Amino acid sequence: MSTSRFAGVVPPLVTPFAPDGALDVASFERLIESQIAAGVDGLFVLGSSGEVGFLTDAVRSEVLREAVRIAAGRVPVLAGVNDMSTSRVVEQVRLAEFAGVDAVVATVPFYVRPSLEEIEAHFRTVAASTALPLFAYDVPVRVHVKLGHELLVRLGVEGVLAGVKDSSGDDVGFRRLVAANRAAGSPLVLFTGHEIVVDGALLAGADGVVPGLGNVDPASYVRLVAAARAGDWAEAKRIQDGLASLFEIVFQAQGVSGEAAGLGAFKTALQTLGVIESNRMAHPVPALEGETVERIRAIVEESGLLVR
């Protein structure tokens, strides 16, 4: 598949759970249909927002199969293949291939803490194991390594990597990556995962965005990207400011893990909107409840999403 198909808005989908902890397929289908109806350009499953680190291979496989089935070729499906070592990542690639996804997205191995040379060998090995486009997932908060732009661009020039999902939160680093990629002839498709400064990233030269908040309000991200492509930066900023206000939902929980506060807020908002049945999290992460839920619902109501 040509990498030209990968651009625009590609939300990293949450994984809705049934009471027994299994995938809630009906909720997952409503989520995907709401995304496609909003005009997104792709779907990213089994990323951080999908609670991939908590899921067994059986559940990962089900998520992949259902995402491909529901999308039905209308938009590409990108699959996270993150794991602790290169050999385990390659096994995740096999699951993704069997499900029929359109691209795979891999982090640096975690737990084994590889050197720079080992990181390069990792991406080369993963790329050589599949005909699918491979995106590097730069997320230091998860793997404790920041991917350098020199390595990424070199692997792009050599055809090892098709692109980068930058969730580093390092805007200086992303700007340097964009500049280096452009100087090399733009071999990489560059996505920002920094959902609150998407307007700035697009202005700098990003090809698209993978916003966790896009689970809740994909249509605004679609409009933001459209405004940027049209050169209407005032409109892009206006939309981004609205999304920043909605993002306040992730700051409403106190004294819980980042998983519970951030992803829990997305799930609570989606439950409020009637998209998913429950805001359950993967065990042992608690679901948000009580006054926290009420505060999140108030922000969602104020955003106007309930009346769209």
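Between the stretch 172-205 and the stretch 235-306, the alpha-carbon centres lie 27 Å apart.
In the stretch 8-232, what percent of the accessible surface is made up of carbon and sulfur (1.4 Å probe, ligands and nucleic acids excluded)? Its accessible area is 55 percent carbon and sulfur atoms.
Within the listed set Val101, Val81, Val59, the Gaussian network model of the chain (springs between alpha-carbon atoms below 10 Å) gives the highest mean-square fluctuation for Val59. Among 5-11, 89-95, 183-189, sorting by the average number of other beta carbon atoms lying within 10 angstrom of each residue, highest first, gives 5-11, 89-95, 183-189. Please find, in a Gaussian network model of the chain (springs between Cα atoms separated by less than 10 Å), the residue of Glu29, Glu51, Glu118 whose mean-square fluctuation is greatest. Sorting by GNM fluctuation, first place goes to Glu118. Residue farthest toward the positive end of the dipole of the stretch 8-232, with Cβ of Lys/Arg at +1 and Asp/Glu at -1: which of Ala71, Val198, Val178? It is Val178. Here Phe54 sits with roughly 80 square angstrom of accessible surface, probe radius 1.4 Å. Treating the stretch 30-126 as a set of equal point scatterers at the Cα positions, no solvent, please give the Debye-formula log₁₀ I(q)/I(0) at q = 0.20 Å⁻¹. For the stretch 30-126, the Cα-only Debye profile gives -0.94.
In order along the stretch 299-304, the phi-based Karplus estimate (6.51 cos²θ - 1.76 cosθ + 1.60, θ = phi - 60°) of 3J(HN,Hα) comes to 5, 4, 4, 5, 5, x Hz; Gly and Pro are listed as x. Each peptide in 64-76, 206-218, 103-115 was scored by the mean count of other Cβ atoms within 10 Å over its residues; highest first, the order is 206-218, 103-115, 64-76.
Hull volume per residue, based on the alpha-carbon atoms of the stretch 8-232 and their convex hull, is 113 Å³. Given +1 at the Cβ of Lys and Arg, -1 at the Cβ of Asp and Glu and no other charges, the dipole of the stretch 8-232 around its Cα centre is 320 debye to the nearest 20. Applied to the stretch 13-26, the Karplus parametrisation 6.51 cos²θ - 1.76 cosθ + 1.60 on θ = phi - 60° returns per-residue 3J(HN,Hα) values of 5, 6, 10, x, 10, 7, x, 8, x, 6, 5, 7, 5, 4 Hz, with x for Gly and Pro. Largest mean-square fluctuation among Gly255, Gly193, Gly47, in a Gaussian network model of the chain whose springs join Cα atoms under 10 Å apart, belongs to Gly255.
The values are calculated or read from the model by the stated rules, or taken from the named source; none is laboratory data. This structure is a prediction, so every number in the text was calculated from the model and none was measured. As a convention, Cβ positions derive from the backbone with ideal geometry for all residues, glycine included, and neighbour counts pool all protein chains shown. Note: areas computed on protein heavy atoms with side chains; ligands, DNA, RNA excluded. Shrake-Rupley method; radii C 1.70, N 1.55, O 1.52, S 1.80 Å.
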